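Please read the structure below before turning to the comments.
Quick note: the coordinates plus some simple rules give every number you see, no bench work behind them. Only a predicted model underlies this, so the values are computations on that prediction, with no experimental measurement involved. Here the Cβ positions follow ideal geometry from the backbone for every residue, glycine too, while neighbour counts run over all protein chains shown.
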Amino acid sequence: MPQLRLLSCALALSLFSARAQQPALTADQIMARVASNQDRSEAQRAHYVYVQHARVSSSKGKTIRCEELTDTRITPTPTGSQQQLLTLQGRLLVKGKYVNYDHLRDPKHAHDTVKEDDSKASLKKIDDDENTDLDIVENMRANLLGDKHDHSKDGINNNLFPLTSKAQADYAFTLRGREPRNGRDTFHVEFHPKDKNDFGWKGDAWIDTATFEPVVIRTALSRNLPLGVRVLLGTNIPGIGFTAIYAPQPDGVWFPVSFGSEFKIHVLFLFSRQIVISAENRDFEKTHVSSTILDAESPVVVKPQP
């Protein structure tokens with residue numbers, strides 16, 4: 001037993017010594033490696049088809065005004081990705097009762113919703129306040145998760161996280177130390193815009209010390225909207241920010257696997273809503289780059305890698 005303890009101590013000391021002898025990296029050096037990996041991952045992620053399960057809701061106080069649950073298949077294209085809505089379960093509060101719907105509105109009938117109940121598929125007019133909640137939910141999903149950001153292969157708007165070399169050019173980084181995160185040893189790096197007058201993102205990044213890939217990223221607005229803007233426009237978005245969690249695929253390609261946010265919107269002094277967004281990427285399939293969506297009703301053509 002004494003010999004075993006001595007061996008254990010010697011092993012621990014050797015590991016500590018090896019770690020201590022490693023050259024100390026600066027925050028900029030760490031994030032430069034992250035940027036290089038992210039730039040390379042942009043091409044590698046083009047080999048994946050996956051499904052994104054998302055929930056977006058708009059609430060007033062404790063009452064959900066509108067909520068949508070969606071499953072979307074995301075397929076790479078030469079410039080980004082294409083999204084195919086597979087399922088939608090929505091509910092909208094109309095005159096004190098929830099109206100259920102299972103497809104997106106026709107843009108020609110923006111003031112209509114569908115399905116008063118499961119057995120009736122009639123259209124029903126909704127007032128401006130109810131229509132606003134529906135607009136908020138559908139626009140939040142389209143702008144943050146959907147096909148309005150075709151240049152992203154992640155299922156997340158690629159302007160929310162300053163990870164790529166192009167985005168990092170406008171940011172300053174500070175290393176806060178090392179700490180465990182999601183079962184991995186990580187560098188904790190804080191970031192904010194170099195120009196303090198910019199309305200960019202600030203936040204924290206936890207970077208895997210072995211692979212220099214992001215494990216968790218949290219962002220918030222780098223500064224509040226100026227008081228003059230809030231007074232003039234009657235608009236404020238307190239607490240807006242986003243969290244993304246990353247994990248590797250079996251071949252080592254890292255993907256964001258979950259994304260979430262919860263924030264408030266105050267508009268024109270009278271309109272206030274709590275917005276909740278959550279998304280999970282799953283059912284990853286590695287394919288050839290030529291995988292395409294034929295049309296909205298056709299299945300994805302997938303050829304697995306040998």
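Peptides 209-216, 248-255, ordered by how many other C-beta atoms sit within 10 Å of their residues on average, highest first, read 209-216, 248-255. Amide H contacts of Gln249 (H built 1.01 Å from N, in plane; Pro and chain starts excluded): Trp254, Phe255 sit under 5 Å, all sequence-distant by 5 or more or on other chains.
The length gained by stretching the chain between Leu25 and Lys194 to full extension, at 0.36 nm per residue less their Cα-Cα distance, is 58.8 nm. Under a 5 Å amide H cut-off, with hydrogens placed 1.01 Å from N, Ser222 pairs with Gly200, Trp201, Lys202 among residues at least 5 apart or on other chains. Label-to-label distance, Gln249 versus Asp185, with points set 7 angstrom from Cα along the beta-carbon direction: 2.8 nm.
Amide H contacts of Val99: Leu92, Leu93, Val94, each under 5 Å away and 5 or more positions distant or on a separate chain (H built 1.01 Å from N in the peptide plane; Pro and chain starts excluded).
DSSP loop (so not H, G, I, E, B), at most 13 other Cβ within 10 Å: list which trypsin sites (Lys or Arg not before Pro) in region 45-84 pass both filters.
Those satisfying the criteria are Lys62.
For a modelled paramagnetic label at Thr209, 7 Å from Cα along Cα-to-Cβ, the residues of region 21-52 in reach, with backbone nitrogen under 12 Å, are 21-25.
Couplings for region 45-57, taken from phi via the Karplus curve 6.51 cos²θ - 1.76 cosθ + 1.60 with θ = phi - 60°, read 5, 5, 8, 10, 10, 8, 10, 10, 9, 9, 10, 10, 9 Hz in order; Gly and Pro are left as x. Remark: spin-label model distance Ala142-Lys62 equals 3.4 nm, labels positioned 7 Å along the Cα→Cβ axis.
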